[in-house]
1. If only one of B:ARG263, B:ARG247, B:ARG313, B:ARG205 is of a type in the set (Lys, Arg), within 21 Å of B:LEU177 (Cβ to Cβ) and modelled with pLDDT of 95 or more, which one is it?
2. Of the conditions (1) out of contact with any strand residue (DSSP E or B) (no Cβ under 6 Å at 6 or more places or on another chain); (2) within 14 Å of chain A (Cβ to nearest Cβ), B:ALA278 fails just one. Which one is it?
3. Give B:GLU68, B:GLU108 a once-over and let me know the one that is in contact (Cβ under 8 Å) with a residue 40 or more places away in the chain, assigned to a helix (DSSP H, G or I), in the same structural domain as B:GLY124 (by TED's automatic domain parsing) and surrounded by fewer than 18 Cβ atoms within 10 Å (Cβ to Cβ).
4. What tally of residues in the stretch A:132-154 results from selecting those that are at the interface with chain B (Cβ under 7 Å from one of its Cβ atoms) and over 18 Å from B:GLY91 (Cβ atoms)?
5. Does the stretch A:42-65 contain any residue that is part of a helix (DSSP H, G or I) and within 26 Å of A:THR213 (Cβ to Cβ)?
6. Name the residues in the stretch A:128-147 that are crowded, with 22+ Cβ neighbours inside 10 Å, modelled with pLDDT of 95 or more and in contact with a Lys or Arg (Cβ under 9 Å, 6 or more places away or on another chain), would you?
7. (1) closer than 24 Å to B:GLY145 by Cβ; (2) more than 7 Å from chain B (Cβ to nearest Cβ); (3) surrounded by fewer than 22 Cβ atoms within 10 Å (Cβ to Cβ); (4) at pLDDT below 90: which one isn't true of A:THR34, the others all being true?
8. Suppose we filter the stretch A:148-162 for residues that are among the hydrophobic types (A, V, I, L, M, F, W, C) and surrounded by 21 or more Cβ atoms within 10 Å (Cβ to Cβ); how many remain?
Protein chains: 2
Amino acid sequence: MTDAETDNGNGEFALIDRLLKPLAAKTPAALGLTDDAAVLSPTPGRDLVLAKDAMVAGVHFLEDDAPEDVARKLLRVNLSDLAAMGANPVGYLLATFWPEKLPRDWIEGFAAGLQKDQDEFGVGLLGGDTVRTPGPLSLSLTAVGEVTAGQALRRNGAAEGDLIVVSGTIGNGALGLLALKGALVGLDEDLQKKLIDRYHLPQPRLALGKLLTEKATACIDISDGPLADIGHICDESRLGAEIEWERIPLSYAARQALAQNARLRDVVLTGGDDYELAFTLPPAMEEALEQLATESGLALTIIGKMTAGNDVRVFHEDGTELTLDTRGWQHF
Amino acid sequence: MTDAETDNGNGEFALIDRLLKPLAAKTPAALGLTDDAAVLSPTPGRDLVLAKDAMVAGVHFLEDDAPEDVARKLLRVNLSDLAAMGANPVGYLLATFWPEKLPRDWIEGFAAGLQKDQDEFGVGLLGGDTVRTPGPLSLSLTAVGEVTAGQALRRNGAAEGDLIVVSGTIGNGALGLLALKGALVGLDEDLQKKLIDRYHLPQPRLALGKLLTEKATACIDISDGPLADIGHICDESRLGAEIEWERIPLSYAARQALAQNARLRDVVLTGGDDYELAFTLPPAMEEALEQLATESGLALTIIGKMTAGNDVRVFHEDGTELTLDTRGWQHF
């Protein structure tokens, strides 16, 4: 990396640099990681979109998660932020805080995971920093994207009566974390694995985000759970929202989990880690949804509408209001 | 921040967000920190310059350093990277990893330090992330700057015979750290304090960096010590360098420290934390130096020249080569 510390003789920092350097090979803006900074020539007429998310071992991922998955999730949660703005990813900067004696194959796996997702999403490493920490492995990634000038999706444009739409299925990430922690033991192991995979490897909805520019009135990625994140759209648009529980799209695995324990409903609503997009559309755009779904290759489901007020309320299809057992919106 | 985690009931994250939010108030690209990412409209004809440095309590700063100073140093070391590229700073993204029970006044001091330097350097907070860590306080900052397209200063352009020039005085940062650790007790306390101040508050040489575009053939900021950093210019330009020890500009405090202990010479050469610029100039540009010094308000001193080969060698003025006692280029 551009400013890696010198080794204390054990060669580990040199190893990290050697493993990370190829990640910048196809990104001219990285300057081969030889200089103090990356130099990016923005596309004329495009805005730059910059997102920065941090992760800590033991807090945001588990100590024994596969290093490939940790690397890919770190990149993907940031790409998901770009997707929520309708941006096309360009590259990323990476700060890594390494504890002593991290095994060589962990570092190799981490770099391999980044390489895999770079290829998948067409991004490259631009630069960053490599430092030592006496604490747990910590990571900070800054993702850089581009969007046509003035067309970035925001949270603040929803209007009363707008439809609330979500992509894919909801709740898999949070249920996957529960499965990882052994809290879904009654569930078929294949289904548990499906949920765990969704927790480990979110799918940033970049193609959908790009399709939504000039269409959606507001957009967000669901990282904190649909209630909290639709709540953010409400806050910024100064409105409320009504959601119908029975409309929330669930995967087969999630439906089986809920069939065994109905209280997992609150996990679906407040658990987070979905990285699907939630967005609002004027009611007149409803017929455009099918084409958006076809073009993005994703299920798109209307789950409610924007209302006056400032609360997110959840109702059953019979009109009774649903009250949550948890305080809600808590990270695990 | 844009993606702060929810509180575990103690309100500390809400406090952090409340303290950081005003830092984005004057930066339209930050979108008030309400969205998933910042949206920056680059100036037509300008390249974006992106630098990312990380710091950890107990590694890169001392646990009892003033929070204002920690914040300002974090910002300044990144601005120094922009200076080394000849870029004008625009803003920054900030990821903070907070340990439990950090005192409220520490967080307030940290935000106040950022505000002070935002005002001084004309930058604003663009976005970032706030997370919890069971480890030490850790920080990662991504600085964003702009430079006329194609004019970013690089490390790879030096030619054989080019003059090697440094700004300001060298060694103060590393000697300041020694003073902080009580290793310069024989030195007058006022002088110790001067050195410590230079360690805590580096001065990013932004005005000089901008003046050097289209003039310097290579440039770097001195963060790892002049030998290591001029070594980076040598590596990237595939050349060697000869430096004359007696030409290296020293502050009065550094000269007094060396008068008491000549072995501190190696600290000056290899200690780092100066954040002055080292750059190379074609010999024909020598007469331009005086005007560059006047315009930047900085002393600019020729300390050597680029040579064939691939080593950085240090000589006395009588031509004898100087050998270092330390292995050199080690961070403290």
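1. Among B:ARG263, B:ARG247, B:ARG313, B:ARG205, only B:ARG205 is of a type in the set (Lys, Arg), within 21 Å of B:LEU177 (Cβ to Cβ) and modelled with pLDDT of 95 or more.
2. Going through the list (1) out of contact with any strand residue (DSSP E or B) (no Cβ under 6 Å at 6 or more places or on another chain); (2) within 14 Å of chain A (Cβ to nearest Cβ), B:ALA278 breaks only (1).
3. Of B:GLU68, B:GLU108, the one residue that is in contact (Cβ under 8 Å) with a residue 40 or more places away in the chain, assigned to a helix (DSSP H, G or I), in the same structural domain as B:GLY124 (by TED's automatic domain parsing) and surrounded by fewer than 18 Cβ atoms within 10 Å (Cβ to Cβ) is B:GLU108.
4. 7
5. no
6. Selection gives A:SER140, A:LEU141, A:THR142, A:ALA143, A:VAL147.
7. Result: A:THR34 passes all but (2).
8. 3
The values are calculated or read from the model by the stated rules, or taken from the named source; none is laboratory data. Source: prediction; values computed, not measured. Neighbour counts run over all protein chains shown; Cβ positions are idealised from the backbone, glycine included.
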